[in-house]
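We did not get these values from a lab; they are worked out from the coordinates using the rules stated. Computed from a predicted model, the values in this text were never measured in an experiment. Note that we place each Cβ from the backbone using ideal geometry, even for glycine, and neighbour counts take in every protein chain shown.
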There are 2 protein chains.
Amino acid sequence: MRDVAVVGAGMTAFGELWHHSLKDLFVEAALEALRSAGADTVDAAYVGNMSGGQFVGQEHLGPLLADHLGIRGVPVTRVESACASGGVALRSAFIDVASGMNDLVLAVGLEKMNDGVDVTNVLATAADQEGEVYHGITFPGLYAMIARAHMTAHGTTLEDLAAVSVKNHRHGALNPKAQFGHEVTVEQVMASSLVADPLRLLHCSPVSDGAAAVVLCPLSRAREFTDRPIKIRASGFATSSMALADRQDPAFLDAVSRSAGSAYKMAGVKPADIDVAEVHDCFSIAEICVLEALCFAERGSGGAAARSGETALGGRRPINTSGGLKSKGHPVGATGVAQVIEIFEQLRGEAGKRQVQDAAIGLTQNMGGSGGSSVVHIFERV
Amino acid sequence: MRDVAVVGAGMTAFGELWHHSLKDLFVEAALEALRSAGADTVDAAYVGNMSGGQFVGQEHLGPLLADHLGIRGVPVTRVESACASGGVALRSAFIDVASGMNDLVLAVGLEKMNDGVDVTNVLATAADQEGEVYHGITFPGLYAMIARAHMTAHGTTLEDLAAVSVKNHRHGALNPKAQFGHEVTVEQVMASSLVADPLRLLHCSPVSDGAAAVVLCPLSRAREFTDRPIKIRASGFATSSMALADRQDPAFLDAVSRSAGSAYKMAGVKPADIDVAEVHDCFSIAEICVLEALCFAERGSGGAAARSGETALGGRRPINTSGGLKSKGHPVGATGVAQVIEIFEQLRGEAGKRQVQDAAIGLTQNMGGSGGSSVVHIFERV
C-alpha cells in the first residue's frame with residue numbers, strides 16, 4: 001500500500017442553510033478543497049451522505065457532484081454508513097489512493113437535513129427497523145438508554161454529561177464555521193427541555209446542513225500540492241450489532257473499540273501518543289463512551305474527563321476543539337470529513353484560537369447509528 | 001496493485017419475493033457465496049444498494065449485513081450509484097483487495113423493491129431532481145426519449161427494440177433464477193401496453209427483489225478457495241451529466257463509453273476480444289445504446305444486433321445470456337453483482353444450457369439513472 005496524505009480541505013459553514021441546496025453545499029466545499037490543493041480536477045471522488053433520498057429526494061449523488069463541480073466524467077462513488085458516512089468516504093478515498101488506482105482523490109461529506117422532512121424518522125432508518133424502530137424508539141431514546149446504563153454501572157452524573165456540552169460549546173464559540181457561536185453553562189444544560197430522560201436539549205447535537213471536503217494523494221506527490229501535507233497513518237473501520245439490545249454492555253461501544261484497535265495497530269501508535277482528537281459526540285454521553293473505547297479513559301471513568309478539564313483546550317488531550325457535533329453542528333454525512341478538516345488544521349498549526357500547541361498526531365472517530373459502525377483515522381504532521 | 005480474482009458466488013432467485021425481507025435476501029446470497037468459496041468469514045464487505053431507506057425504511061446496511069450474516073465486527077461499506085450500485089460494490093471490493101488492505105472481501109448487491117412503496121417515484125430519485133423530476137419525468141419517459149432520439153437519428157425500428165426483449169426472454173427461460181421463465185414473441189412485445197411511447201411493457205425490466213454476492217481475494221491466494229478462479233482484469237467507472245437534456249447526443253451513452261475505454265485500456269484487450277457480456281438492458285433501447293458505447297457495434301447500428309442473431313446464444317458474441325435485466329429481473333442494487341455471477345459461471349463453464357462455448361474473456365456493464373454513471377469490468381479464465 002502506498003502512503004497517503006491530505007493536501008487540501010474546504011467546508012461550508014454548518015447550520016440551518018435554508019437558502020443553499022444540496023448541490024450548492026457540495027460544490028462550495030469541494031471547490032474550496034480543490035483550490036486549497038491548487039488542483040483543477042481530481043482522478044476520482046467519494047461522497048459520504050446518509051440519505052439524500054429521504055431528506056431531499058436525491059440519490060445518485062456521484063454524477064450529480066461530478067456534473068455540478070465541473071468534472072463530468074470523473075468516477076464518483078457515494079458511500080453510506082449512517083452518521084459515519086463521511087468517515088467511510090475518507091476511508092474509501094484512502095484505500096483508492098493507497099491501491100495505486102488513482103492519484104488525486106476527493107472525499108466529500110454532505111447532508112441537507114433542513115428541507116421540511118421529518119428528520120427524526122429519517123435518522124431512525126439508521127437503527128434496526130425490525131428490532132428497534134417498529135417498537136417506537138428513535139435516536140434520542142437509544143442514547144438515553146446508553147446514558148442510563150453508563151450512569152447505573154459507573155456512577156456517571158448529570159453534571160458529567162453537562163460538562164461535555166459546556167466544553168464543546170466553549171470550543172465551538174471559537175470556530176467561525178460552527179452552527180452555534182455561543183457558550184452554555186452547566187445550569188443552562190441542566191435546565192434545558194427534557195428530550196429523552198436523562199438527555200436534555202443541550203445534550204443533543206442539532207439538525208444541520210453542510211458539506212466538507214478533503215483532497216488526498218500519494219504522500220510521494222504531496223509536495224506538488226502543498227508544503228504542509230498531513231499523512232494518514234491509519235484507517236480502522238468496524239461494525240457491531242445494529243440493535244442496542246443485542247450488545248453485552250450497552251454502555252460500551254465495541255465497534256469504536258475495534259476500529260480504534262485496528263487503527264492503533266496499523267499506525268503503530270498508542271492512545272497516549274494522540275495529541276488531539278475529534279470524536280462523535282452526537283449526544284453528550286457518546287463522547288464519554290467513545291473516550292473509553294478509544295482507551296483515552298479507563299472503562300467506566302469517561303464521565304470525569306470533561307469535568308476535570310483534561311479534554312478542554314489547554315488540557316492534557318483536547319477533544320473536539322472544533323466544537324464537536326454538539327456545537328459545530330451535525331449534517332450527518334458531512335461530520336466525518338469535517339472532523340478530518342479540524343485535525344488537518346490542528347496538525348498544520350492553522351487552527352487559530354483553537355490551536356493545540358505542538359500537535360503532531362491527531363485522531364478522528366466517527367460513528368453510525370447507536371454505534372453499529374465506527375471509523376477511526378490517525379493523522380501525522382510530516 | 002495486486003491481481004484480484006473472484007472465487008465464490010451466490011444469489012437468490014429474482015422476483016416478487018413478498019415473503020423475504022431485506023435481511024433474508026442478503027444473508028441467503030452471502031452465505032451461498034461464502035460456502036462456494038469454502039470460507040466462514042471475510043475480512044471486509046461492500047454492499048451495493050440503491051435505496052433501502054426509501055424502499056423499506058432501512059439505511060446503514062453495513063452493520064445490518066455483518067450482524068445477520070454472523071460476522072459482527074467486520075467492516076462493511078454500503079455504496080450507491082442508483083442502478084449501478086452493484087457494479088460499484090464490486091469495484092470497491094476489487095480496489096480494497098488490490099490495495100492490500102484486506103484479503104478476503106465480499107461484494108453484495110441487493111434491493112427489496114416490492115414492499116408497498118411507489119417504486120417509480122423512488123427510482124426517479126436517481127434522476128436530477130431539480131432539472132428533471134420536478135418537471136414530471138420518470139425513467140420510462142427518459143428512456144423513451146433516448147429511444148426516440150435513436151430511432152430518429154439512426155433509423156432504429158420498433159422491431160429492433162422488440163428483438164432485444166425476445167432474445168433476453170429466450171435466454172432467461174433457460175435460467176432457473178430468472179424472474180420470468182417464459183419466452184415472448186415480437187408480436188407480443190409490439191402488442192403489449194404502451195408505457196411511454198415508443199416503449200411498451202415488454203420493453204421494460206420488471207420491479208424485482210433479490211440479492212447477489214461474490215467473494216474476492218488476491219489472485220495469488222485464489223486456489224486456496226477454488227480450483228477455478230476468475231481473474232478481474234479491469235475495472236472502469238465513469239460519470240456523465242445527470243440530466244439527459246444536458247447531453248450532446250441523448251442516444252449516445254458517454255459514461256458507458258468512458259468506463260469501457262478505461263477498462264479496455266487497463267485490461268489491454270480490444271472489444272473484439274470479449275467472448276460474452278452482460279449489459280444493462282433496463283429498457284430494450286438501453287442494450288442497443290450500450291452495445292454501441294462498448295464498441296460492440298458501430299455507432300448508430302446497434303439496433304440490428306439482436307435482430308441479426310449475433311447477440312443471441314449461438315451468435316458471434318452472446319449478450320445477456322442470463323436473460324438480462326429484462327427477463328432475469330432487476331432488483332436495482334443487486335443487478336451489477338448478478339451480472340458478474342453470470343460471467344463467472346460462463347468463464348468457469350458452469351452456465352448449463354446457457355453456456356457459451358470456450359468463453360475465456362467476459363465483460364459486465366452496469367449503469368445508473370439514464371446513464372449518469374456506468375461501471376465496466378473485464379474478467380478472464382485463468
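Find, among the residues of chain A, the one whose Cβ sits nearest the axis of the rotation taking A to B; state the distance in whole Å.
Residue and rounded Å distance to the axis: A:Ser99, 2.
Measuring from label point to label point, each 7 Å out along Cα→Cβ, what is the B:His19 to B:Arg35 span in nm?
Modelled inter-label distance: 1.8 nm.
On average, how many beta carbons from a partner chain sit within 10 Å of the beta carbon of a residue in A:272-285? Spell out each step's value before the answer.
On the way: counts 0, 0, 0, 0, 0, 0, 0, 0, 0, 0, 0, 0, 0, 0.
For this peptide, the per-residue mean of nearby foreign Cβ atoms is 0.
Using the structure shown, list the pairs from B:Lys23/B:Lys112; A:Lys231/A:Lys270; A:Lys231/A:Lys328; B:Lys177/B:Lys326 with a Cα-Cα distance above 20 Å, or answer none. Don't jump to the answer; show the numbers that get you there.
Details: B:Lys23/B:Lys112 9 Å; A:Lys231/A:Lys270 17 Å; A:Lys231/A:Lys328 25 Å; B:Lys177/B:Lys326 13 Å.
Exceeds cut-off: A:Lys231/A:Lys328.
Regarding chain B, what whole-number volume in Å³ per residue does the convex hull of its Cα atoms give? Don't skip to the answer; put the middle values down first.
Details: hull volume 45.3 nm³, N = 382.
Spelled out: Cα convex hull of chain B, divided by residues, is 119 Å³.
For B:Ala153, put the label point 7 Å out on the Cα→Cβ axis and report which residues of the range B:292-330 keep their amide N under 19 Å from it.
B:292-306
Could you state the angle between the C-alpha long axis of helix A:284-293 and the longest principal axis of the C-alpha atoms of chain A, as a value from 0 to 90 degrees rounded to the nearest 10?
Taking Cα atoms only, the helix is inclined about 70 degrees.
Can you list the distances in nanometres, one decimal and ascending, from the B:Gly315 label point to the identical position in each other copy, with the point 7 Å along Cα to Cβ?
6.9
Straight-line reach from A:Lys265: which aspartates and glutamates have a Cα under 13 Å away, not including same-chain ones fewer than 8 places off?
A:Asp273
Considering chain B as a Gaussian network with a 10 Å cut-off on Cα pairs, which listed residue, B:His60, B:His135, B:His150, attains the greatest mean-square fluctuation?
Maximum among the listed residues: B:His135.
When DSSP beta bridges are limited to those with both residues in chain A, what percentage is antiparallel, rounded to the nearest 5? Write down the numbers at each step before the final one.
On the way: 39 of 53 bridges.
In chain A, DSSP labels about 75 percent of beta bridges as antiparallel.
Can you tell me the orientation of helix A:158-172 relative to chain A, as the angle in degrees between its alpha-carbon axis and the longest Cα principal axis, to the nearest 10?
30
Using a label point 7 Å beyond Cα on the Cα-Cβ vector, give me the inter-copy distances for B:His135 in nanometres, one decimal, shortest first.
The answer, with the shortest distance listed first, is 4.9 nm.
How would you rank A:126-133, B:210-217, A:293-300, highest first, on the average number of other Cβ atoms within 10 Å across their residues?
Working: A:126-133: 22.4, B:210-217: 31.8, A:293-300: 19.2.
The peptides rank, most packed first, as B:210-217, A:126-133, A:293-300.
Applying a 10 Å radius around every beta-carbon, put A:136-143, A:221-228 in order of their mean neighbour count, most first.
Details: A:136-143: 19.1, A:221-228: 16.1.
Going from most to least packed, we get A:136-143, A:221-228.
Could you size up the charge dipole of chain A around its Cα centre, putting +1 on the beta carbon of Lys and Arg and -1 on that of Asp and Glu, and report it in debye to the nearest 20? List each step's numbers first, then the result.
Working: 31 positive and 42 negative charges, 169 e Å.
Rounded to the nearest 20 debye, it is 820 debye.
Through the Karplus equation 6.51 cos²θ - 1.76 cosθ + 1.60, θ set to phi - 60°, convert the phi angles of the range B:227-239 into ³J(HN,Hα) values in whole Hz; use x for Gly and Pro.
8, 10, x, 10, 7, 8, 7, 6, 9, x, 9, 8, 10
Tell me, A:Thr152, B:Thr156, B:Thr335, B:Thr77 in order of fewest to most beta-carbon neighbours within 10 Å?
Values: A:Thr152 10, B:Thr156 24, B:Thr335 34, B:Thr77 30.
Going from sparsest to densest Cβ surroundings: A:Thr152, B:Thr156, B:Thr77, B:Thr335.
Counting only other chains, what is the mean number of Cβ atoms within 10 angstrom of the Cβ of each residue in peptide B:241-248?
On the way: counts 7, 12, 3, 0, 0, 2, 1, 0.
So the per-residue partner count for this stretch is 3.
Give a residue-ordered list of calculated ³J(HN,Hα) values for the range A:42-58 (Karplus: 6.51 cos²θ - 1.76 cosθ + 1.60, θ = phi - 60°; whole Hz; x for Gly, Pro).
9, 7, 6, 8, 10, 10, x, 8, 6, 7, x, x, 7, 6, 9, x, 9
If we count every other residue with Cβ under 12 angstrom of B:Leu216's Cβ, Lys/Arg +1 and Asp/Glu -1, where does the sum land?
Values: positive: B:Arg2, B:Arg91, B:Arg221, B:Lys231; negative: B:Asp3, B:Asp43, B:Asp96, B:Asp103.
Value of the local net charge: 0.
What does the structure give for A:93-105 when I average, per residue, the other chain Cβ atoms found within 10 Å of the residue Cβ? Please report the intermediate quantities before stating the final value.
Working: counts 0, 2, 11, 6, 2, 7, 10, 6, 9, 1, 0, 0, 0.
Mean shielding count: 4.
At A:Glu159, label 7 Å along Cα→Cβ: distances to the other copies, nm, ascending?
The projected label point of A:Glu159 is separated from its counterparts by 8.9 nm.
Given B:Ala13, B:Met151, B:Gly303, which one lies farthest toward the positive end of the charge dipole of chain B, if we put +1 on the Cβ of every Lys and Arg and -1 on the Cβ of every Asp and Glu?
Checking the options against the dipole of chain B, the answer is B:Gly303.
Using only DSSP helix segments of four residues or longer, with each worth -39500 (n - 2.57), what per-residue ellipticity at 222 nm results for the protein assembly as shown after dividing by its residue count and rounding to 500?
Values: 26 runs with 280 residues, N = 764.
Helices in the protein assembly as shown give a 222 nm mean residue ellipticity of -11000 deg cm²/dmol.
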